[in-house]
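Visitor: Before I ask anything, let me first share the structure, which is written out below as structure tokens.
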Amino acid sequence: MLPAFKLPPGRTLIIDGPAAIRLIDGEASCFGGLLVRNRWVLVKGERRVPVESLTGASLEVKTGEGSVTKEIQGSTIPGSWIEAGQIVRQAQGTIVVLGDVDSGKSSLSTYLANVCHSNNMTVTVIDADIGQADIGPPTTVSGASLTDIVYSLQDLTPEACFFIGDTSPGVVPEKVSRGSIMVRSHLPESEVLIVNTDGWIDGSEGFSYKLQLLEKLRPDIVLGLGNDAKLDPILDAQNHTVLKLGPSECARARSREERKRAREAGYKKFLDGSRRRELRLDELSVRPFNHPGPVDISTVRPLRGILTGLIGSDEMLLGVSRLLSVRGRKMSLETKVQDIPSVVELGAVRLSPDYEESGYVHM
């Protein structure tokens with residue numbers, strides 16, 4: 001075992017992954033959730049996690065290549081987040097988190113979920129950030145229930161997923177709104193529902209998209225995260241309770257390449273261990289992600305590598321797959337899904353055999 005890292009009371013260790021950390025002794029928290037002794041907290045690459053010492057803590061820290069640690073005085077949780085947590089606990093209901101790219105929306109959602117769960121409230125989370133998905137695969141809206149403290153939304157196991165098919169909502173904004181409602185309808189009732197959203201708030205289209213999403217979700221509280229004035233028109237247009245929150249010191253700006261690597265880790269998570277399957281085209285329908293009608297698959301070339309959604313009769317995602325070929329009336333793909341889908345939906349992303357993004361499909 002590595003020598004214990006001593007973190008004095010009132011100080012925070014900020015860890016950029018890849019890394020792993022566990023509490024040996026004392027008391028510490030991460031995004032509002034108490035660390036459990038000897039339970040490892042995994043910090044994936046391109047992620048940042050703060051561990052705050054409450055009464056003094058002994059930690060074991062393992063770092064990988066490129067990992068960075070920094071110790072600071074005080075907490076990375078802003079006072080406005082703490083106040084928001086108190087308000088959410090009292091008001092309950094549906095909470096929607098808005099903010100720009102890399103503003104800390106996932107961190108805030110994790111913090112609020114932990115605060116409510118720690119106060120014996122039932123909590124569900126919808127992840128509507130299709131480009132930087134935490135709960136389900138990239139290109140999906142997904143949702144899950146909290147059964148324990150989480151140190152990242154990635155700790156949650158998806159209970160309901162809806163296939164969007166693209167990493168950006170720009171082509172199908174209405175579909176993201178509809179998918180969020182569909183996921184909510186397939187989750188158990190809870191006292192608090194937290195909806196984490198993507199960072200598209202720019203321009204008239206971003207404004208209209210977020211208004212449409214909020215109109216569909218009908219939240220009890222809207223939380224606007226960050227100091228960016230681009231968010232103000234969206235917040236000013238709301239009839240719901242609106243809170244403007246300051247950013248966290250823990251927020252980490254990620255490059256386009258880092259965001260791509262994070263998505264690729266998500267594809268691998270849900271496709272690693274896939275098996276080859278053959279589906280008969282006369283037993284299901286094939287459609288593009290951006291149009292409700294069927295597609296003439298002979299017009300889509302090349303087919304190999306397209307990320308596809310295997311859709312059940314209820315229009316919910318059974319799982320994702322990577323398309324291999326179509327020969328005659330048979331489609332070959334690789335997936336972990338064993339159920340027979342009603343629909344195969346062709347997405348916009350093309351994946352390599354190692355599940356890395358190799359291009360985009362135009363339909």
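The values are calculated or read from the model by the stated rules, or taken from the named source; none is laboratory data. This one's a predicted model, so the numbers in the text were calculated from it and none came from an experiment. Here the Cβ positions follow ideal geometry from the backbone for every residue, glycine too, while neighbour counts run over all protein chains shown.
Visitor: Among the numbered criteria (1) part of a helix (DSSP H, G or I); (2) in contact with a helix residue (DSSP H, G or I) (Cβ under 6 Å, 6 or more places away or on another chain); (3) in contact (Cβ under 8 Å) with a residue 60 or more places away in the chain, which single criterion is violated by K216?
Guide: (3)
Results for (1) at pLDDT 95 or above; (2) under 18 Å from L271 (Cα atoms); (3) not assigned by TED's automatic domain parsing to the domain that holds M182, shown as yes or no for each residue.
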{"residue": "V295", "(1), (2), (3)": "no, no, yes"}
{"residue": "P302", "(1), (2), (3)": "no, no, yes"}
{"residue": "T308", "(1), (2), (3)": "yes, yes, yes"}
{"residue": "E334", "(1), (2), (3)": "yes, yes, yes"}
{"residue": "V337", "(1), (2), (3)": "yes, yes, yes"}
{"residue": "V343", "(1), (2), (3)": "yes, no, yes"}
{"residue": "L346", "(1), (2), (3)": "yes, yes, yes"}
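Visitor: A further question on this structure: Among the candidates V101, V96, which residue alone is out of contact with any strand residue (DSSP E or B) (no Cβ under 9 Å at 6 or more places or on another chain), farther than 30 Å from A4 by Cβ, in the same structural domain as T197 (by TED's automatic domain parsing) and among the aliphatic types (A, V, I, L, M)?
Guide: Details: V96 fails: out of contact with any strand residue (DSSP E or B) (no Cβ under 9 Å at 6 or more places or on another chain).
On inspection, the qualifying residue turns out to be V101.
Visitor: Among the numbered criteria (1) surrounded by fewer than 21 Cβ atoms within 10 Å (Cβ to Cβ); (2) of a type outside the set (K, R); (3) within 19 Å of L217 (Cα to Cα), which single criterion is violated by G56?
Guide: Looking at each condition in turn, G56 falls short on (3).
Visitor: Go through region 177-190 and count every residue that is out of contact with any strand residue (DSSP E or B) (no Cβ under 7 Å at 6 or more places or on another chain) and not in a helix (DSSP H, G or I).
Guide: Going residue by residue through region 177-190, those that are out of contact with any strand residue (DSSP E or B) (no Cβ under 7 Å at 6 or more places or on another chain) are 177-178, 181, 185, 189.
Narrowing the set further to residues that are not in a helix (DSSP H, G or I) leaves 189.
So the count comes out to 1.
Visitor: List the pairs whose first member sits in region 228-245 and is more than 20 Å from W81 (Cβ to Cβ), whose second member is aromatic (F, W, Y), and whose Cβ atoms are under 7 Å apart, counting only residues at least 6 apart or on separate chains?
Guide: Filtered contacts from region 228-245: P233/F207.
Visitor: Does region 162-171 contain at least one residue that is surrounded by fewer than 19 Cβ atoms within 10 Å (Cβ to Cβ) and assigned to a helix (DSSP H, G or I)?
Guide: Initially, region 162-171 is screened for residues surrounded by fewer than 19 Cβ atoms within 10 Å (Cβ to Cβ), giving 168, 170-171.
With assigned to a helix (DSSP H, G or I) added as a condition, the list becomes none.
No, region 162-171 contains no residue that is surrounded by fewer than 19 Cβ atoms within 10 Å (Cβ to Cβ) and assigned to a helix (DSSP H, G or I).
Visitor: Within region 122-132, can one find any residue that is under 9 Å from the mean Cα position of the chain (by Cα) and more than 17 Å from L317 (Cβ to Cβ)? So that I can check it myself, show each step before the final result.
Guide: Within region 122-132, the first condition is being under 9 Å from the mean Cα position of the chain (by Cα), and the residues that meet it are 126-132.
Now restrict to residues that are more than 17 Å from L317 (Cβ to Cβ): 132.
Yes; the residues of region 122-132 include at least one that is under 9 Å from the mean Cα position of the chain (by Cα) and more than 17 Å from L317 (Cβ to Cβ).
Visitor: Just give me the residues in region 340-351 being touching a helix residue (DSSP H, G or I) at 6+ places or on another chain (Cβ under 9 Å) and farther than 18 Å from L284 by Cα, in sequence order.
Guide: Within region 340-351, V349, L351 qualify.
Visitor: I'd like to verify a number: residues in region 219-243 that are of a type outside the set (D, E), outside any helix (DSSP H, G or I) and either surrounded by 19 or more Cβ atoms within 10 Å (Cβ to Cβ) or at pLDDT 95 or above (or both), how many? Please lay out each step first, then the result.
Guide: Start the filter on region 219-243 by keeping residues that are of a type outside the set (D, E), which leaves 219, 221-227, 229-231, 233-235, 237-243.
Add one more test, that the residue is outside any helix (DSSP H, G or I), and what stays is 219, 221-227, 237-243.
Now drop any that are not either surrounded by 19 or more Cβ atoms within 10 Å (Cβ to Cβ) or at pLDDT 95 or above (or both), which leaves 219, 221-226, 242-243.
Going through region 219-243 one residue at a time, the tally reaches 9.
Visitor: Confirm whether L324 is outside any loop (DSSP other than H, G, I, E, B) and surrounded by fewer than 19 Cβ atoms within 10 Å (Cβ to Cβ). Lay out the reasoning, then the answer.
Guide: On the way: outside any loop (DSSP other than H, G, I, E, B): yes; surrounded by fewer than 19 Cβ atoms within 10 Å (Cβ to Cβ): yes.
When the stated conditions are applied, L324 passes them.
Visitor: Let me ask something else. Could you say which residue among T299, T335 is over 23 Å from the mean Cα position of the chain (by Cα) and not aromatic (F, W, Y)?
Guide: Details: T335 fails: over 23 Å from the mean Cα position of the chain (by Cα).
T299 is the lone residue from the list that is over 23 Å from the mean Cα position of the chain (by Cα) and not aromatic (F, W, Y).
Visitor: While we're looking at this one, here's another question. Within region 339-358, track down each residue that is touching a Leu at 6+ places or on another chain (Cβ under 9 Å) and surrounded by fewer than 17 Cβ atoms within 10 Å (Cβ to Cβ). Walk me through how you get there before you give the answer.
Guide: Initial filter on region 339-358 (touching a Leu at 6+ places or on another chain (Cβ under 9 Å)): 339-351, 355, 357-358.
Listed by number, the residues that qualify are D339, I340, S342, S358.
Visitor: If a residue has to be out of contact with any helix residue (DSSP H, G or I) (no Cβ under 8 Å at 6 or more places or on another chain) and farther than 21 Å from M182 by Cα to count, how many in region 314-339 make the cut?
Guide: The initial filter retains those residues of region 314-339 that are out of contact with any helix residue (DSSP H, G or I) (no Cβ under 8 Å at 6 or more places or on another chain), namely 314, 317-318, 323-325, 327-328, 332-333, 337-339.
Filter again for farther than 21 Å from M182 by Cα, leaving 323-325, 327-328, 332-333, 338.
Selection size over region 314-339: 8.
Visitor: State all residues of region 59-84 that are in contact with a Leu (Cβ under 9 Å, 6 or more places away or on another chain) and surrounded by 13 or more Cβ atoms within 10 Å (Cβ to Cβ); if no residue qualifies, say none. Full working, then the answer.
Guide: In the first step, residues of region 59-84 are kept if they are in contact with a Leu (Cβ under 9 Å, 6 or more places away or on another chain); the result is 59-62, 69-72, 78, 80-81, 83-84.
Scanning region 59-84 gives L59, E60, V61, K62, T69, E71, I72, P78, S80, W81, A84.
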